[in-house]
1. Restricting attention to segment B:119-133, which residues are more than 10 Å from chain A (Cβ to nearest Cβ) and either free of Cβ contacts under 8 Å to residues at least 40 places away in the same chain or under 22 Å from A:ALA51 (Cβ atoms) (or both)?
2. Are any of the residues in segment B:185-192 within 14 Å of chain A (Cβ to nearest Cβ), of a type in the set (D, E, K, R) and under 17 Å from B:GLY161 (Cα atoms)?
3. With the requirement that a residue be farther than 28 Å from B:ILE264 by Cβ and part of a strand (DSSP E or B), what does segment B:112-157 give you?
4. Please indicate, with yes or no, whether at least one residue in segment B:298-315 is part of a loop (DSSP other than H, G, I, E, B) and in the same structural domain as B:ILE54 (by TED's automatic domain parsing).
5. Being of a type in the set (Asp, Glu) and either over 20 Å from B:GLN232 (Cα atoms) or crowded, with 17+ Cβ neighbours inside 10 Å (or both) is the filter here; which residues of segment A:59-106 pass it?
6. Return the pair list, or none, for Cβ contacts closer than 7 Å from residues in segment A:27-50 that are more than 9 Å from chain B (Cβ to nearest Cβ) and at positive phi to residues that are assigned to a loop (DSSP other than H, G, I, E, B) and not basic (Lys, Arg), at least 6 apart or on different chains.
7. Consider segment B:29-60. How many of its residues are over 16 Å from B:GLU305 (Cβ atoms), away from chain A (no Cβ under 14 Å), surrounded by 18 or more Cβ atoms within 10 Å (Cβ to Cβ) and not aliphatic (A, V, I, L, M)?
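The values are calculated or read from the model by the stated rules, or taken from the named source; none is laboratory data. Owing to the predicted nature of the structure, the values given are computational and were not obtained by experimental measurement. Cβ sites come from the backbone with ideal geometry, for glycine too, and all protein chains shown count toward neighbours.
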Amino acid sequence: MENIIHVTVIDREGKEHLLEAPTDMNMNVMELCKSYELPVEGTCGGMAMCASCQVYVLSDHLLPAKSDNEDAALDQAFFVKSNSRLACQIHLTKELDGLKLKLAGE
Amino acid sequence: MIETDILIIGAGPCGLFTVFEAGLLKLHCHLIDALPQPGGQLTEIYPKKPIYDIPGFPEILAGDLVQHLMKQAEPFKPGFTLGERAEKVEKTEDGKFFIVTGSRGTLHKAPVIAIAGGLGSFEPRKPPIPNIEQFEDKGVEYIVRDPEFYKGKRVAVSGGGDSALDWSIYLANGVAKEVTLIHRSKSFRGHPDSVQKVLDMSAGGKIKLLTDAEVTRVGGNGILGELTVQHQPEGESILQTDHWLPLFGLSPKLGPLAEWGLNIDKNSIEVDTFDYSTNVPGIYAIGDINTYPGKLKLILCGFHEATLMVQSAFKRIYPDKNYVLKYTTVNGIQGF
């Protein structure tokens, strides 16, 4: 279908979820996870200020560079790895079809 | 003992607007909040962010909205217990009033409680170290209550933000015997002046700086004695210390409210949308902290909830009085 991509999210128990994601709703990965009721907090609502939507990027998709806010938020977070990103800062675009992520620990 | 008509738990936008709506019905309000200033998330997390979905304001900064709400509430003289978390609720013997105890022991008495607690109360982020709780207040402290407490002691500080930088500078200026600042990366995101000061003090030997490093274990005999520091890309070292201050900012937790006997679903309090009452008669929940079918966590929805909630609270407090909704355009505002 047009304007639909697929994103795989691995939850903290290791279970894979294949999510259908619209690219025309101005949504990000944090909101996508919440709409599928995956356990993502998203405390600050998507402002890159709390790091409660931290994910590890497992596929080699080219993502937009981190903003200062995202860097600062990850700086305060725990379990941060080199492939850590904030899901709220990953906007769903058709280039991200097949994206694979894992939820970071809490 | 503070006495009021509606005790509001949480001084965020919904709590503040409740004061106004309650005031129109001649009900007095008192607010209690764990943070030292009103405004909740708006003040604590995003004061400089613009909000676009407040009716009538095409764009308003979160901090400015709080200022406006404070001004709107002002004629109704709300009381505030700030910097204190609502810990415990009890009923008076006659069953007519609630007594709420704050974390510093302040007592509040009211016939109605409105929980407008947002995401919960903001508490320090604790590093995920398994046995850290054994050493809390025995060398591990998440907030600096009294800097003199660290006089002549060896202190390690973790974090890269302003509080970690500022306390390192303060404690290294003749307070602590030894200050070590441990930070996960090489760059600090605090104020550039503070960052420079820390780097200068490190060069001058007043602060021991460990970057690309993270504390992974804590140890000691009853009280904190040492930290295990993991270095990037590899290596581990042991740091002998009397105190460790992990300063990783604040994150919200539902906290003691979870023990108040309210029906809770996924960290939110279940309410009846008729009047936003909880399962405990006399306790209401409004704003981001409540949940019901179709719930949206928006400030504007919280304002609506507050408005309907105070109508029900009024009937509860004055069951014999008939109230007629008045428009503020007709009568203006009569404050207290």
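1. Restricting attention to segment B:119-133, the residues satisfying the condition of being more than 10 Å from chain A (Cβ to nearest Cβ) are B:121-124, B:130-133.
Across segment B:119-133, the qualifying residues are B:SER121, B:PHE122, B:GLU123, B:PRO124, B:PRO130, B:ILE132, B:GLU133.
2. So far as segment B:185-192 goes, yes, one or more of its residues are within 14 Å of chain A (Cβ to nearest Cβ), of a type in the set (D, E, K, R) and under 17 Å from B:GLY161 (Cα atoms).
3. Hits for segment B:112-157 are B:VAL140, B:ARG154, B:VAL155, B:ALA156, B:VAL157.
4. Step one: of segment B:298-315, the residues part of a loop (DSSP other than H, G, I, E, B) are B:298.
Filter once more, keeping what is in the same structural domain as B:ILE54 (by TED's automatic domain parsing): B:298.
Yes: segment B:298-315 contains one or more residues that are part of a loop (DSSP other than H, G, I, E, B) and in the same structural domain as B:ILE54 (by TED's automatic domain parsing).
5. Pass one, segment A:59-106, residues of a type in the set (Asp, Glu): A:60, A:68, A:70-71, A:75, A:95, A:97, A:106.
Of everything in segment A:59-106, those that are of a type in the set (Asp, Glu) and either over 20 Å from B:GLN232 (Cα atoms) or crowded, with 17+ Cβ neighbours inside 10 Å (or both) turn out to be A:ASP60, A:ASP68, A:GLU70, A:ASP75, A:GLU95, A:ASP97, A:GLU106.
6. A:GLY42/A:SER52; A:GLY42/A:CYS53; A:ALA48/A:SER67
7. Residues meeting the conditions: 4.
Table: residues versus (1) within 14 Å of chain A (Cβ to nearest Cβ); (2) buried (at least 18 other Cβ atoms within 10 Å of the Cβ); (3) among the aromatic types (Phe, Trp, Tyr).
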| position | (1), (2), (3) |
| --- | --- |
| B:ASN279 | no, no, no |
| B:ILE289 | yes, yes, no |
| B:LYS295 | yes, no, no |
| B:ASP320 | no, no, no |
| B:THR328 | no, no, no |
| B:ASN331 | no, no, no |
